[in-house]
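The values are calculated or read from the model by the stated rules, or taken from the named source; none is laboratory data. Remember, it's a predicted structure, so these values are computed and weren't measured experimentally. Quick reminder, even Gly has a Cβ in these numbers, built from the backbone with ideal geometry, and neighbours come from all protein chains shown. Remember, those area values only see protein heavy atoms, side chains included, never the ligands or the DNA or RNA. Shrake-Rupley method; radii C 1.70, N 1.55, O 1.52, S 1.80 Å.
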Amino acid sequence: MKLSHKIVMASALLVNLPLAQAEEVAGFKLSGNVALTSDYVWRGISQTNEQWALQGGFDAEHKSGFSIGTWASNVNYKETNVSEEDRANLELDVYAGYSGEIKGFSYGVTASRYGYPGAASSLNYDFYELGLSLGYKLPQGIDLGFAYDFAPEFFGDVDSAHHYKLNAGYSLPNGIGFSGHVGQQMFSDNNKAGDDYLYYGVSASYSIFGFDASVSYSDTDLDNSDTLGADERIFFTLSRSL
């Protein structure tokens, strides 16, 4: 697979970005992130038609636990019944939340808006989600997590949806990290949204010279002939925190 000229230029920019520390302004710690990935996989399904994606975002976290942020990525949905000029090419998310810790347990609540500027409004791609996350670190150094998300009106106007996810991670002393997850996406109206599905994956990562490099495996229990980009895949990601 050949990289486009834009992706080649973007990867060069990624490599040459100056390493920066998070700054604090008015009690907020400001940070950013940028990533280049061979496939943007979200909840087990490719959002870029199995093509490369350039991604990045900014976050502001207050010492009280409140945070706000934004994140963007190119996307490529190949619906056969949608004209080329109406399709989405960009995802732009904004979110706000609160996080804290009680007796070793971490928690977070988040409100997110997933936006697709440029896509035809009749497609109803934009949607909101409310999320809850819980985490705990075992004495052996294993991180455990649970997440639940609820969308009153999911992507493409398919009524409400529920999402559940379990994940675990562990880092070796040499800096190599391993993680795994299993999730379930459920819809209130399967006639509109299609089948509920299970997805799962594993990842290995390593940090070097300020970069995080990872290789990931992902799959679902969906038939790829019905849902494009839902079959098993391996993808690579190079990211950097700013």
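Some observations on this one:
- Test for THR80: is it open to solvent by 50 Å² or more (accessible area, probe 1.4 Å) and either part of a loop (DSSP other than H, G, I, E, B) or at pLDDT 95 or above (or both): yes
- Single residue of segment 191-235 satisfying the filter (more than 22 Å from TYR77 (Cβ to Cβ) and aromatic (Phe, Trp, Tyr)) that is least open to solvent (accessible area, probe 1.4 Å): PHE211
- Residue, nearest to GLN184 (Cα to Cα), within segment 204-221, restricted to residues that are touching a Gly at 6+ places or on another chain (Cβ under 8 Å) and either touching a residue at least 40 places away in the same chain (Cβ under 8 Å) or aliphatic (A, V, I, L, M) (or both): THR220
- Cβ pairs under 9 Å, 6+ apart, first in segment 171-197 and under 24 Å from ILE234 (Cα atoms) and at pLDDT below 95, second acidic (Asp, Glu) and surrounded by fewer than 16 Cβ atoms within 10 Å (Cβ to Cβ): ASP195/ASP221; ASP195/ASP223; ASP195/ASP226
- Test set (1) of a type outside the set (Ser, Thr, Tyr); (2) free of Cβ contacts under 8 Å to residues at least 60 places away in the same chain; (3) out of contact with any Phe, Trp or Tyr (no Cβ under 6 Å at 6 or more places or on another chain) - GLY229 fails condition number: (2)
- Extreme residue, nearest to ASP195 (Cα to Cα), among residues of segment 58-74 that are touching a Phe, Trp or Tyr at 6+ places or on another chain (Cβ under 7 Å) and buried (at least 19 other Cβ atoms within 10 Å of the Cβ): SER73
- Checking ASN49 against (1) free of Cβ contacts under 8 Å to residues at least 40 places away in the same chain; (2) of a type outside the set (Ser, Thr, Tyr); (3) in a loop (DSSP other than H, G, I, E, B), the condition it does not meet: (1)
- In the set (1) over 22 Å from ASN33 (Cβ atoms); (2) out of contact with any Ser or Thr (no Cβ under 6 Å at 6 or more places or on another chain); (3) of a type in the set (A, V, I, L, M, F, W, C), VAL215 fails one condition alone, (1).
- Of the residues making up segment 1-44, just one is out of contact with any strand residue (DSSP E or B) (no Cβ under 7 Å at 6 or more places or on another chain) and modelled with pLDDT of 95 or more, namely TRP42.
- Hits in segment 203-217 - residues which are closer than 20 Å to ARG240 by Cα and in a strand (DSSP E or B): SER203, ALA204, SER205, TYR206, SER207, ILE208, PHE211, ASP212, ALA213, SER214, VAL215, SER216
- Taken over segment 72-103, residues that are in contact with a strand residue (DSSP E or B) (Cβ under 8 Å, 6 or more places away or on another chain) and over 30 Å from PHE28 (Cα atoms) amount to 2.
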